[in-house]
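Take a look at the structure below.
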Ligand code: DOR
């Protein structure tokens, strides 16, 4: 089957930025060229999508989602998470292993891949656990996880506190050039904290998590990555200290990549004043100074990637008192407009914003996606950067509703998402479920 996407403004970071048509054949990109529609003969086997007024770019790649299957299907399944992904423009998502059971074995990895294949929406790439049961004690079978299809290892949600265990994990992972992702939190320093430690936590009487809980572990992990030569990926960077240390490490040539989540560059701990647990995540929302540092990190590419940390939790769980509610918010459907805000603010160009969602994450995990290069899978997004919409959690494709952005007016909307040349999402008037 041949498909031609015409009249769009194509942004293929580092390769093309301008008007062009995209020719797709048998699920793969065949060509990106101006005015292809004038050169190709109309035929019954040629389908056309008119992208006038739209940006056409590679499908987004999210290095950090939590789909709750197996084990917590009442929060999210692989099918509902994938539906939210493609509605947000994400065609590839890497799912963290904190399921039940934890993804620390071939059988869980294979189960996730099988469920993902059934949904036929986003490509779901599993991340295996670093340690058995993510308990931080004994290494998981990293080689087996790699062979089964894991694209990285992490105990996300939990730090690997034991530095020797982390050293060994990095050494093993290096043999497979697998990125190692550590949830950077010194659990002795974070203790029972439920929000950022600072003026707001003091005023609210909530136990705080200091910046140092993240900074200490970022420093340790950078030291270990430099020592072992492993590929380190730092998730959900939230502090000015982390940004500074990653910048210094990159300048020294350490093989590190870093991600920022939209909530960490869009909100501060002021959002917690209402005691709404939809503003509770880990790491927590920080201060203005941290938000500015994260934006600076994105601007100078210290922070390579925007990732969502999509972490669904049920409505009733988020209604618990703030300090006992679970950490995490959904993020797949709001990431695009929140990232486009950085363009409005002059922090990123539009092409850079697209790159942070496409080519940069693909490069970080060495994935063959996030590009419109001929021969690659035809995973694309058609988006309208100027369309406004209001976030209504009831209309989310996720099974969960836990967003701090309810009622926000967002600018930038996904109109169509294609995976392997097939339309898997298009904007329709949504009905509350
Ligand atoms: O807020 C978070 N939620 N941070 C994490 O690291 C884990 C995640 C989850 O699994 O809910």
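The values are calculated or read from the model by the stated rules, or taken from the named source; none is laboratory data. Being a predicted model, the structure only gives us computed values, none of them experimental. With ideal geometry, Cβ positions are generated from the backbone for all residues, glycine too; neighbour counts draw on all protein chains shown.
Going by the conditions given, is residue 308 closer than 22 Å to residue 151 by Cβ and touching a residue at least 40 places away in the same chain (Cβ under 8 Å)? Steps first, answer last, please.
Working: closer than 22 Å to residue 151 by Cβ: yes; touching a residue at least 40 places away in the same chain (Cβ under 8 Å): yes.
So residue 308 fits the description; yes.
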Review point. For residue 76, all conditions in the list (1) within 15 Å of the ligand (Cβ to nearest atom); (2) assigned to a helix (DSSP H, G or I) hold save one; what is the number of the exception?
Key: (2)
Point to revise | Residue match in the range 32-42 (condition: over 18 Å from residue 60 (Cβ atoms) and under 26 Å from the mean Cα position of the chain (by Cα)) | key: no
**Study point:** Lone unmet requirement of (1) within 16 Å of the ligand (Cβ to nearest atom); (2) in contact with a strand residue (DSSP E or B) (Cβ under 9 Å, 6 or more places away or on another chain) for residue 100
**Key:** (2)
Point to revise | Scope the range 248-268; condition surrounded by 24 or more Cβ atoms within 10 Å (Cβ to Cβ) and over 24 Å from residue 360 (Cα atoms); matching residues | key: none
Review point. If you check residue 372 against the conditions, is it more than 24 Å from residue 177 (Cα to Cα), touching a strand residue (DSSP E or B) at 6+ places or on another chain (Cβ under 7 Å), crowded, with 22+ Cβ neighbours inside 10 Å and at pLDDT 95 or above?
Key: yes
Review point. Quick one: would you say residue 300 is farther than 27 Å from residue 91 by Cβ, touching a residue at least 12 places away in the same chain (Cβ under 8 Å) and surrounded by fewer than 17 Cβ atoms within 10 Å (Cβ to Cβ)?
Key: yes
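Quick grid of which residues meet (1) assigned to a strand (DSSP E or B); (2) in contact with a helix residue (DSSP H, G or I) (Cβ under 6 Å, 6 or more places away or on another chain); (3) surrounded by fewer than 17 Cβ atoms within 10 Å (Cβ to Cβ):
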site	(1), (2), (3)
30	yes, no, no
38	no, no, yes
41	no, no, yes
47	yes, no, yes
52	no, no, yes
56	yes, no, no
63	yes, yes, no
67	no, yes, no
**Study point:** Those residues of the range 176-192 which are over 14 Å from residue 140 (Cβ atoms) and either surrounded by fewer than 18 Cβ atoms within 10 Å (Cβ to Cβ) or more than 16 Å from the ligand (Cβ to nearest atom) (or both), in sequence order
**Key:** 177, 179, 187, 188, 189, 191, 192
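Being over 19 Å from residue 310 (Cβ atoms) and either surrounded by fewer than 24 Cβ atoms within 10 Å (Cβ to Cβ) or within 16 Å of the ligand (Cβ to nearest atom) (or both) is true for just one of 136, 157. Which residue is that?
Within the list 136, 157, the selection yields 136.
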Point to revise | The listed residue being within 15 Å of the ligand (Cβ to nearest atom) and either more than 16 Å from residue 328 (Cα to Cα) or not in a loop (DSSP other than H, G, I, E, B) (or both), out of 243, 218, 200 | key: 218
**Study point:** Odd one out for residue 143 among (1) in contact with a strand residue (DSSP E or B) (Cβ under 7 Å, 6 or more places away or on another chain); (2) within 16 Å of residue 230 (Cα to Cα); (3) away from the ligand (no atom under 16 Å from the Cβ)
**Key:** (1)
Study note, to complete from the structure: Restricted to the range 79-97 and to residues being closer than 18 Å to residue 416 by Cβ and part of a loop (DSSP other than H, G, I, E, B), the residue nearest to the ligand (Cβ to nearest atom) is 88
Review point. Helices (runs of 4 or more DSSP H) wholly in the range 258-344 with at least 3 residues that are more than 15 Å from the ligand (Cβ to nearest atom) and touching a helix residue (DSSP H, G or I) at 6+ places or on another chain (Cβ under 9 Å) - which ones?
Key: 288-299, 335-344
Exercise for review: Could you check, for the range 348-363, whether at least one of its residues is under 11 Å from the mean Cα position of the chain (by Cα), closer than 27 Å to residue 122 by Cα and part of a loop (DSSP other than H, G, I, E, B)?
Suggested key: yes
Practice item. Taking only the range 329-355 into account, find how many residues are surrounded by 24 or more Cβ atoms within 10 Å (Cβ to Cβ) and more than 13 Å from residue 383 (Cβ to Cβ). Key: 6
